[in-house]
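Below is one structure, written out as structure tokens, with a few remarks after it.
The values are calculated or read from the model by the stated rules, or taken from the named source; none is laboratory data. Note that this is a predicted model, so its numbers are computed, not measured. All Cβ positions, even for glycine, are placed from backbone atoms using ideal geometry, and neighbour counts span all protein chains on display.
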């Protein structure tokens, strides 16, 4: 199927089909990509839809690349740091939020 409503032509992705049980219509899930559930940058497309033509690729960085001041990577986790076990909290760290307490 080609896009006939824009100045450029591109093929729409053939993804998801019609998930309606009676082929009555579509929903946002019809166009979602299959999830890639992984830790770190490999999971950047855990929840993803086909990109609009010209969109940049997902970032290689994750929240683990922006740890707060004072947090340090433990020895042995230099390249495998996309999980809590890889980090040492500062000595004076006190969890405030429910997430920090988990």
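Here residue 29 qualifies as modelled with pLDDT under 70 and farther than 30 Å from residue 93 by Cβ.
Condition test on residue 77, is it in contact with a helix residue (DSSP H, G or I) (Cβ under 6 Å, 6 or more places away or on another chain), in a loop (DSSP other than H, G, I, E, B) and either free of Cβ contacts under 8 Å to residues at least 24 places away in the same chain or surrounded by 11 or more Cβ atoms within 10 Å (Cβ to Cβ) (or both)?
So residue 77 fits the description; yes.
Kindly indicate whether any position in the range 35-50 is exposed (fewer than 14 other Cβ atoms within 10 Å of the Cβ), within 21 Å of residue 102 (Cβ to Cβ) and at pLDDT 85 or above. Within the range 35-50, none of the residues are exposed (fewer than 14 other Cβ atoms within 10 Å of the Cβ), within 21 Å of residue 102 (Cβ to Cβ) and at pLDDT 85 or above.
Regarding residue 16, is this residue surrounded by 11 or more Cβ atoms within 10 Å (Cβ to Cβ), at positive phi and at pLDDT below 70? When the stated conditions are applied, residue 16 passes them.
Step by step: first the residues of the range 51-69, then only those that are surrounded by 12 or more Cβ atoms within 10 Å (Cβ to Cβ) and in a loop (DSSP other than H, G, I, E, B), then the one that is modelled with the highest pLDDT. Which residue is that? Filtering first and then ranking leaves 67.
Only residues that are within 18 Å of the chain's Cα centre (by Cα) and either more than 15 Å from residue 100 (Cα to Cα) or in contact (Cβ under 8 Å) with a residue 40 or more places away in the chain (or both) were counted in the range 52-74, giving 11.
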